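Novice: Here it is: the structure, laid out below.
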Amino acid sequence: MSARATRVAVALLAAVIMLGTSGAFAAVGDITTFTDPVGNVSTPLDIAAGPDGNLWFTNFANGRIGRITPAGVIRTFTDPEGMVDGPDGIAAGPDGNLWFTSSRNNRIGRITTAGVITTFAAPPGGMVDGPLDIAAGPDGNLWFTSGFNNRIGRITTDGVITTFAVPDCNLSCPDGITAGPDGNLWFTSQQNDWIGRIATDGVITTFRDPAGNVDGPLGITAGPDTNMWFTSTINDRIGRIATTGPEPGPPPAPPEPVVVAPRFTG
């Protein structure tokens, strides 16, 4: 084979490899999994698309934040200050960074797309306990669930934390949270079998299924039909809740927020 033919063959092989890696030849339903060659992925929990074209995920067991390219190249990042412990939820923020919860030490973390981590902590009595899920809100802030003390938290991109008490919590709640199409945040309470809504001013409303067919709701997301959709884990159902229409009763009184000045590391 001539040198030119060899170069052409190599170029064609490279193109085929690139197309295959990007999924151009994949059929619907084909699954590919990826491992970290240096072994720094441990109990990955949540994953979110980043503004850099990569996917970012939490590693609960080793306190690392991971990044994976669409080609499957993995790199993980750790906080040099050691202030990330049990990272759980992760979401892209409006500031071009990724934000995550650090559930074991009651912090909220921020990681740039270059891998620089900063964590924000409430001082003692700051009313953040066991932060779990996190989502970007329509108000330019990040909102998170504080599952061990029955509160919803809001953190600005400057690190100022405000929390709001969730009513109707007989057991530990809330769990999942996401932005809705109506300008509010919607969240689940797995232990209490209801779906909650929090407005950006902190007003919270909870909704129960009169038929009693919601049991252990956990994950929640906005659908393409202006409704919210959620998983009902204990009775193996998928639920839908409307975001528009008449309100079920008189509006609740605004809660008294707890505002926490930013305390950060990293």
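Novice: What is the number of the single condition among (1) modelled with pLDDT of 95 or more; (2) under 17 Å from the mean Cα position of the chain (by Cα); (3) not polar (S, T, N, Q) that residue 209 does not meet?
Specialist: Only one criterion in (1) modelled with pLDDT of 95 or more; (2) under 17 Å from the mean Cα position of the chain (by Cα); (3) not polar (S, T, N, Q) is unmet by residue 209, namely (2).
Novice: If I filter the range 162-177 for residues that are farther than 29 Å from residue 120 by Cα and assigned to a strand (DSSP E or B), do I get at least one hit? Spell out the reasoning first.
Specialist: The first filter runs over the range 162-177 and keeps only residues farther than 29 Å from residue 120 by Cα, leaving none.
No, the conditions are met nowhere in the range 162-177.
Novice: Report the residue count in the range 50-82 for those that are more than 24 Å from residue 175 (Cβ to Cβ) and either of a type in the set (A, V, I, L, M, F, W, C) or not in a strand (DSSP E or B) (or both). Working first, answer last.
Specialist: At the first step, the residues of the range 50-82 found to be more than 24 Å from residue 175 (Cβ to Cβ) are 51-54, 67-82.
When the remaining residues are screened for being either of a type in the set (A, V, I, L, M, F, W, C) or not in a strand (DSSP E or B) (or both), the result is 51-54, 68-74, 77-82.
Total satisfying the criteria: 17.
Novice: Does residue 47 satisfy being under 17 Å from residue 133 (Cβ atoms), part of a strand (DSSP E or B) and open to solvent by 20 Å² or more (accessible area, probe 1.4 Å)? Break it down stepwise before answering.
Specialist: On the way: under 17 Å from residue 133 (Cβ atoms): yes; part of a strand (DSSP E or B): yes; open to solvent by 20 Å² or more (accessible area, probe 1.4 Å): yes.
The answer is yes for residue 47.
Novice: While we're looking at this one, here's another question. Show the residue pairs that are 6+ apart or on different chains and have beta-carbon atoms under 6 Å apart, the first residue being within the range 206-235 and in a loop (DSSP other than H, G, I, E, B), the second being of a type in the set (Val, Ile, Thr) and open to solvent by 60 Å² or more (accessible area, probe 1.4 Å).
Specialist: 215/234; 216/234
Novice: Kindly indicate whether any position in the range 126-140 is under 17 Å from the mean Cα position of the chain (by Cα), surrounded by fewer than 18 Cβ atoms within 10 Å (Cβ to Cβ) and in contact (Cβ under 8 Å) with a residue 60 or more places away in the chain.
Specialist: yes
Novice: Has the range 56-65 got any residue that is open to solvent by 50 Å² or more (accessible area, probe 1.4 Å), in contact (Cβ under 8 Å) with a residue 12 or more places away in the chain and in contact with a Phe, Trp or Tyr (Cβ under 7 Å, 6 or more places away or on another chain)?
Specialist: yes
Novice: Going residue by residue through the range 165-181, is there one that turns out to be of a type in the set (A, V, I, L, M, F, W, C), over 16 Å from the mean Cα position of the chain (by Cα), open to solvent by less than 20 Å² (accessible area, probe 1.4 Å) and more than 22 Å from residue 215 (Cβ to Cβ)?
Specialist: no
The values are calculated or read from the model by the stated rules, or taken from the named source; none is laboratory data. Not measured: the values here are computed from a predicted model. Virtual Cβ from ideal backbone geometry, glycine too; neighbours counted across all protein chains shown. Accessible surface areas use protein heavy atoms only, side chains included; no ligands, DNA or RNA. Shrake-Rupley method; radii C 1.70, N 1.55, O 1.52, S 1.80 Å.
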